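Below you'll find the structure, written out as structure tokens, and then a few comments.
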């Protein structure tokens, strides 16, 4: 007769298995969470850069219009293209209260900037539109196209000096909640020899 020898085989207990799975989950979840945060940070950075370019674009449009007025000998008012649409005084200059603020937008894609100023009373002033060319992004403008997440507000506040004004440009997103925004402010001056 043969004697069978049973040896105890060692294995993982349930507690050891649960601990091993927990450690594995932590090791995998941390890099995934880090990648998700990096991706959302990259999207925010892209939107901030786009907004800052759109704000600078609005400021340059105001300066361009001011320059067009400055070189004309028949000019009598260096802020004439903006009066009634962008020029504000006092409480009207507060872009945080749009119910009272005076602001405009300028379609910088048009050749005639003078006719491209849209005032705050016009419903088309916000948001900026996305124009595509064969399904590929082409430009932001105020014409036809689908609404983008960005809106731009421009106002001009004259100072005590009749030859100086402050231009404020705000680009905010997502439209219409404007939970994120870029604000820029610059001084413009009347340097025309005719006015």
**Asked** Can you spot a residue in the range 124-133 that is farther than 20 Å from residue 46 by Cβ and crowded, with 18+ Cβ neighbours inside 10 Å?
**Response** yes
**Fill in**
Residues of the range 156-166 being part of a strand (DSSP E or B) and either surrounded by fewer than 17 Cβ atoms within 10 Å (Cβ to Cβ) or touching a helix residue (DSSP H, G or I) at 6+ places or on another chain (Cβ under 6 Å) (or both), in sequence order, are 157, 158, 164, 166
**Request:** Tell me which of these residue 80 doesn't satisfy, since it passes every other one: (1) assigned to a loop (DSSP other than H, G, I, E, B); (2) at pLDDT below 85.
**Result:** (2)
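Give the residues of the range 140-155 that are in contact with a helix residue (DSSP H, G or I) (Cβ under 7 Å, 6 or more places away or on another chain) and not in a loop (DSSP other than H, G, I, E, B), sorted by residue number. Before you say what the answer is, go through the steps one by one.
The first filter runs over the range 140-155 and keeps only residues in contact with a helix residue (DSSP H, G or I) (Cβ under 7 Å, 6 or more places away or on another chain), leaving 140, 142, 150, 152, 154-155.
Those that are in contact with a helix residue (DSSP H, G or I) (Cβ under 7 Å, 6 or more places away or on another chain) and not in a loop (DSSP other than H, G, I, E, B): 140, 152, 154, 155.
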**Request:** Hey, can you tell me all the residues within the range 93-139 that are more than 30 Å from residue 72 (Cβ to Cβ), touching a strand residue (DSSP E or B) at 6+ places or on another chain (Cβ under 7 Å) and not in a loop (DSSP other than H, G, I, E, B)?
**Result:** 129, 130, 131, 132, 137, 138
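From the list 99, 115, 80, which one is closer than 17 Å to residue 141 by Cβ, free of Cβ contacts under 8 Å to residues at least 24 places away in the same chain and either under 25 Å from the mean Cα position of the chain (by Cα) or surrounded by 14 or more Cβ atoms within 10 Å (Cβ to Cβ) (or both)?
On the way: 99 fails: closer than 17 Å to residue 141 by Cβ; 80 fails: closer than 17 Å to residue 141 by Cβ.
Answer to the selection: 115.
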**Message:** Any residue at all in the range 42-52 that's more than 30 Å from residue 110 (Cα to Cα) and without any contact (Cβ under 8 Å) to a residue 60 or more places away in the chain?
**Reply:** yes
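Just to be sure, is residue 55 surrounded by 10 or more Cβ atoms within 10 Å (Cβ to Cβ), in a helix (DSSP H, G or I), at pLDDT 85 or above and in contact with a helix residue (DSSP H, G or I) (Cβ under 7 Å, 6 or more places away or on another chain)? Step through it out loud before you land on a result.
Details: surrounded by 10 or more Cβ atoms within 10 Å (Cβ to Cβ): yes; in a helix (DSSP H, G or I): yes; at pLDDT 85 or above: yes; in contact with a helix residue (DSSP H, G or I) (Cβ under 7 Å, 6 or more places away or on another chain): no.
Judged against the criteria, residue 55 is not a match.
Test residue 142 against the criterion of being farther than 25 Å from residue 77 by Cα and surrounded by 15 or more Cβ atoms within 10 Å (Cβ to Cβ), and give yes or no. Steps first, please.
Values: farther than 25 Å from residue 77 by Cα: yes; surrounded by 15 or more Cβ atoms within 10 Å (Cβ to Cβ): yes.
Here the answer is yes, as residue 142 does meet what is asked.
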**Request:** Filter the range 186-195 for residues that are surrounded by fewer than 19 Cβ atoms within 10 Å (Cβ to Cβ) and in a strand (DSSP E or B) and give the result.
**Result:** 186, 187, 189
**Request:** Examine the range 167-185 for a residue that is touching a helix residue (DSSP H, G or I) at 6+ places or on another chain (Cβ under 6 Å), surrounded by 14 or more Cβ atoms within 10 Å (Cβ to Cβ), part of a loop (DSSP other than H, G, I, E, B) and modelled with pLDDT under 85, and state whether such a residue exists.
**Result:** no
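The values are calculated or read from the model by the stated rules, or taken from the named source; none is laboratory data. Computed from a predicted structure; not experimentally measured. Positions of Cβ are backbone-derived with ideal geometry, glycine not excepted, and every protein chain shown enters the neighbour counts.
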